[in-house]
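Bear in mind these aren't lab numbers, they're just calculated from the coordinates by the rules spelled out. Note that the structure is a prediction, hence the values are computed from the model and not measured. Glycine gets a Cβ as well: all are built from the backbone with ideal geometry, and neighbour counts include every protein chain shown.
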Amino acid sequence: MNFKQADIDRFFKSPDEKVRCVLLYGTNEGMIADLLTKFARTVCDDLNDAFRVSTFQAETIEKDIGALYGDYNATSLMGGRRVILIKDATNALGKHIQDLLENSSSDTLIVISSSKMNTKSSFVTYLNASPIGIAVGCYEDRAENISTYVRSFFIQNGITIATDAMNLLCARLSPDRKASFNELEKLTTYIGSKKNVTLEDVQKAVSDTSGSSVEDLCYFVAGGQSEKAVSSYESLLSEGEDPLMLLRYLAYHFLKLLDCVAKIEKGETAESAASSLRPPLMFFRKSDFTLQLKIWRRQSLLDVLSLLYKAERDCKTTDYPVKEIASWTMMQISGAARKLKCV
């Protein structure tokens, strides 16, 4: 079975004992480590219980596959279902686990982590089609994944958080769950015995681990935040982003603004127009986007789009340095946004 977040949440609330193998694969090591523990605990709360929990490195098993077969078919001396954790597995090991699942009556749960498998791996394909197997792709958290993870973390710890604090916290957290977990642990340590997180708590305790993104750049430029726009632009260039593509992303952002402004001119509110966008805006972007709708008007948006198209044409047809053309264009737009704020 190919599990998504909603399927995972349902499984944790009501584990299906028919499931005998869970594979967690992908590049988000923090997410994999978190889910590995949670799936294992659906069988045994105490992962230090030597009678019911075994942990192997895949490299060790591959040298002595018989150890896996023996452990899988063993029974706990103290009773209860057992769980085997296998870390850093390869697709080759999947063939042996498939053999175990198909030729053994043991109810032992195998939970596997792998950064070497992907959606095209044969073992992933096998588990996706199996009623007794689960495969979960673990990649960088998107904004909605971060929000869901944060809410779950606070619920488990009996903590509430103000809406403005939640928005800032999600914007600062990393796409890697391990880094996000470290920041959440730091935040809970900072608030101590308090059971509510405020905006001030987040500002003081949580580092901005989100990194720079193309979306950040668009919001900085359109919102008139010139210094942040420059920093974001330089960061994206250092990560290998193409200046020409950044101009196109920026044009797309302003086309969304233009679309919403046209709806506002027909009588819609800024909030309603922003909510009608597809794909929808992430919740923590809505307030900034709505504010931009109150800054920009149709003609100024058309002027910006004309400037962006001219910059793209110049990048393609002149000998001027592309990085400087893009930078100068963004600073012009950002400066215009600052002036419009003051009108």
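Compared with the dominant Cα axis of the chain, that is its longest principal axis, helix 286-295 is turned about 10°. Summarise the long-distance tail of P(r) for the stretch 5-138 by giving the % of C-alpha pairs beyond 22 Å. Tail fraction, whole percent: 29. From helices alone, the chain scores -18500 deg cm²/dmol at 222 nm; the rule is -39500 (n - 2.57) for each run of n ≥ 4 DSSP H residues, then divide by the residue total.
Each principal axis of the Cα atoms in the stretch 143-205 has its own extent, and those three values, largest first, are 27, 21, 16 angstrom. Taking Cβ atoms as reference points and 14 Å as the exclusive limit, the residues near Tyr72 contribute a net charge of -1, counting Lys and Arg as +1 and Asp and Glu as -1.
The C-alpha atoms of the chain define a longest principal axis, and helix 322-342 lies at about 70 degrees to it. For the stretch 214-342, averaging the sequence separation of C-alpha pairs within contact (under 8 Å, six or more residues apart) and dividing by the residue count gives a relative contact order of 40 percent. With respect to the chain, whose longest principal axis is taken over its alpha-carbon atoms, helix 143-156 is tilted by about 50°. For the stretch 5-138, the relative contact order is 39 percent, taking Cα pairs closer than 8 Å that sit 6 or more residues apart in sequence and dividing their mean separation by the residue count. The mean sequence distance of close C-alpha pairs (under 8 Å, at least 6 residues apart), as a share of the length of the chain, puts its relative contact order at 16 percent. Using only Cα coordinates, the Kirkwood hydrodynamic radius of the chain works out to 23.4 Å.
Subtracting the Cα-Cα distance of Lys195 and Ser105 from their residue separation scaled by 0.36 nm leaves 27.7 nm.
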